[in-house]
Amino acid sequence: MPDFLTRRNGTWHFARRVPIEFAHLDRRGVIRHSTKIRIASDRAAVRASRVAEKFNAGLEQHWRALADSDSRDALNSYDEARRRARQLGFDYVENAQLVAAPAVDRLERLETLVAKDLVNDQGAREAVLGLKKKPVFKVSKIFDEYEAETKDQVLDLSPDQLRIWRNARKRVVKSFTGVVGDKSVTDLTVDDAIDFRNFWRDRIVQEGIAAKSANREVGQLSGMIKELNVLRRLGLPDLFKGLRLKGEIDKEPTPYETKFIQNRLLAGGALDGLN
């Protein structure tokens with residue numbers, strides 16, 4: 001039976017459980033829709049499958065939008081806490097680090113809240129006491145987060161250029177996720193970068209892929225991570241430093257032989273009158 005289709009009262013129905021990663025954003029559990037197509041008139045579910053595909057595409061778009069909104073809200077909230085902390089005269093330090101710091105540091109912050117009559121101000125408490133955690137995201141979301149941060153860089157691209165730009169980077173993130181797993185991006189290590197470099201090295205050997213193409217893929221991933229590392233204050237090392245694949249060759253155009261050029265010129269009469 002095609003994906004997400006069930007039989008109910010003689011009619012094909014679409015039914016899909018909300019994926020775990022979106023369950024906190026969409027609490028409907030299982031989502032059901034009637035395709036309004038009778039089983040008797042579509043026993044192989046050909047038409048019903050097309051309807052189900054549209055339902056499913058719409059759902060996935062809805063879930064991605066919810067996730068993007070949730071991620072952006074968390075980031076905005078964190079940035080606001082950092083801004084408020086600076087406004088009150090402190091660097092933003094997450095609570096776990098603050099607890100491990102000398103007691104005098106915590107006392108100074110608490111005294112500031114009391115002195116400024118901000119004890120009951122939730123935003124001030126979150127800022128001064130580091131109660132907002134830095135938003136983190138999974139490896140599979142690298143492109144989504146990168147795209148959100150670089151919208152100004154693609155304003156001049158045509159729709160077709162933008163499609164190519166997006167697809168290339170989405171593809172490399174998918175490959176990277178397949179190699180290192182969908183861990184938190186802050187857990188990435190140089191070993192992960194080496195594993196990805198070796199993944200491309202093996203493809204060069206086994207599939208004949210050009211080193212130049214492999215380096216372009218690795219470079220796109222490295223560029224996204226570097227930019228996010230700065231903009232999101234991830235604290236990652238330069239993961240791909242020194243990992244460029246060797247063997248890249250830029251082929252020079254093969255020059256024509258002198259005899260060939262002379263023959264072509266003579267045949268065209270280009271040398272007439274020069275003798």
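The values are calculated or read from the model by the stated rules, or taken from the named source; none is laboratory data. Small disclaimer: the values here were computed from a predicted structure and weren't measured. Cβ placement follows ideal geometry from the backbone for every residue including glycine, while neighbour counts extend to all protein chains displayed.
With VAL99, VAL128 as the choices, which residue is touching a residue at least 40 places away in the same chain (Cβ under 8 Å) and either surrounded by 14 or more Cβ atoms within 10 Å (Cβ to Cβ) or under 34 Å from the mean Cα position of the chain (by Cα) (or both)? Break it down into steps so the answer makes sense when it comes.
Details: VAL99 fails: touching a residue at least 40 places away in the same chain (Cβ under 8 Å).
None of the other options fit; the residue is VAL128.
Taking into account only those residues within the stretch 40-55 that are surrounded by 16 or more Cβ atoms within 10 Å (Cβ to Cβ) and out of contact with any His (no Cβ under 7 Å at 6 or more places or on another chain), which is farthest from LYS141 (Cα to Cα)? Can you show your working first?
Residues of the stretch 40-55 surrounded by 16 or more Cβ atoms within 10 Å (Cβ to Cβ): 42, 45, 48-49, 51-52, 55.
Next, from what is left, pick out any that are out of contact with any His (no Cβ under 7 Å at 6 or more places or on another chain): 42, 45, 48-49, 51-52.
Details: ASP42: 39, ALA45: 34, ALA48: 32, SER49: 29, VAL51: 28, ALA52: 26 Å.
Here the residue is ASP42.
Selection of helices (runs of 4 or more DSSP H) fully inside the stretch 132-241 by the criterion of at least 3 residues being under 15 Å from the mean Cα position of the chain (by Cα) returns 142-149, 159-180, 211-231.
In the stretch 114-125, the residue that is surrounded by the fewest Cβ atoms within 10 Å (Cβ to Cβ) out of those that are in a loop (DSSP other than H, G, I, E, B) and among the aliphatic types (A, V, I, L, M) is VAL119.
Residues in the stretch 102-113 that are in a helix (DSSP H, G or I) and either basic (Lys, Arg) or loosely packed, with under 10 Cβ neighbours inside 10 Å (or both): how many?
First, the residues of the stretch 102-113 that are in a helix (DSSP H, G or I): 103-113.
Among the residues that remain, those that are also either basic (Lys, Arg) or loosely packed, with under 10 Cβ neighbours inside 10 Å (or both) are: 103-104, 106, 109.
Residues that pass the stated criteria total 4.
Identify the residue in the stretch 18-43 that is outside any helix (DSSP H, G or I) and β-branched (Val, Ile, Thr) and, among all such residues, is farthest from the chain's Cα centre (by Cα).
The first filter runs over the stretch 18-43 and keeps only residues outside any helix (DSSP H, G or I), leaving 18-19, 23-38, 42-43.
Restricting the remaining residues to those that are β-branched (Val, Ile, Thr) gives 18, 30-31, 35, 37.
Numbers: VAL18: 21, VAL30: 27, ILE31: 27, THR35: 33, ILE37: 38 Å.
That would be ILE37.
Listed by first and then second residue, the pairs with beta-carbon distance under 9 Å, at least 6 apart or on different chains, first residue in the stretch 23-35 and modelled with pLDDT under 90, second loosely packed, with under 12 Cβ neighbours inside 10 Å and of a type in the set (Gly, Ala, Ser), are ALA23/GLY29; LEU25/SER69.
Scanning the stretch 77-94 for residues that are surrounded by fewer than 16 Cβ atoms within 10 Å (Cβ to Cβ) and of a type in the set (Gly, Ala, Ser) returns SER77, GLY89. Of the residues that sit in the stretch 2-15 and are surrounded by fewer than 17 Cβ atoms within 10 Å (Cβ to Cβ) and within 33 Å of the chain's Cα centre (by Cα), which one is modelled with the lowest pLDDT? Checking each candidate, the answer is PRO2.
Taking the stretch 164-222 as the range and being of a type in the set (S, T, N, Q) and under 20 Å from LEU234 (Cβ atoms) as the test, the residues that pass are THR177, SER184, THR186, THR189, GLN220, SER222.
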